[in-house]
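What follows is a set of notes on a single structure, which appears directly below.
Read-outs: derived from the displayed coordinates by stated rules, not from any lab. This structure is a prediction, so every number in the text was calculated from the model and none was measured. Every residue, glycine as well, gets a Cβ built from its backbone with ideal geometry; the counts of neighbours run over all protein chains shown.
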Amino acid sequence: MRLNNLAMPRLSASSLNLAPTDWFDDAACKDADTDVFFPVSESQADAAKAICAVCPVREECLEYALEVRPGDGVWGGLTATERHRLIRRRQKAARKARESRSAA
């Protein structure tokens, strides 16, 4: 089967709706060893969290991770499990706010 003659759709970055990442250059981790941010277990995330704690763009990084939802790694000072819990808390708060508006 020859695939070279098949027409492939062209995607531009704007058509993908990628989250903005202009904050990457200001991140405290930009020159750090990436292995630090992908610990084997949650208990080994302290080194990454220490870098995130002093990062000037920690909030932007966290919001990026909450939007893009990478499956692993420490982003914005939170592990994947912690980010999942934060998403659930936000969803619950939004649901309560909707219910209270509709009850009023």
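Here are a few things to note about the model shown:
- Working note: Karplus 6.51/-1.76/1.60 with θ = phi - 60° gives region 63-70 the couplings 5, 4, 5, 5, 7, 7, 6, x Hz, where Gly and Pro are set to x.
- Spin-label model, Ala28/Ala93: points 7 Å from Cα along the beta carbon direction are separated by 2.3 nm.
- Protection proxy ranking for 71-83, 25-37, using the average of other Cβ atoms within 10 Å per residue and placing the highest first: 71-83, 25-37.
- Relative exposure of Arg58, Arg95, judged by other C-beta atoms within 10 Å (fewest first): Arg95, Arg58
- Derived scalar couplings between HN and Hα for region 90-97 equal 5, 4, 5, 5, 5, 5, 4, 5 Hz in order, rounded to whole Hz, by the Karplus curve 6.51 cos²θ - 1.76 cosθ + 1.60 (θ = phi - 60°), x for Gly and Pro.
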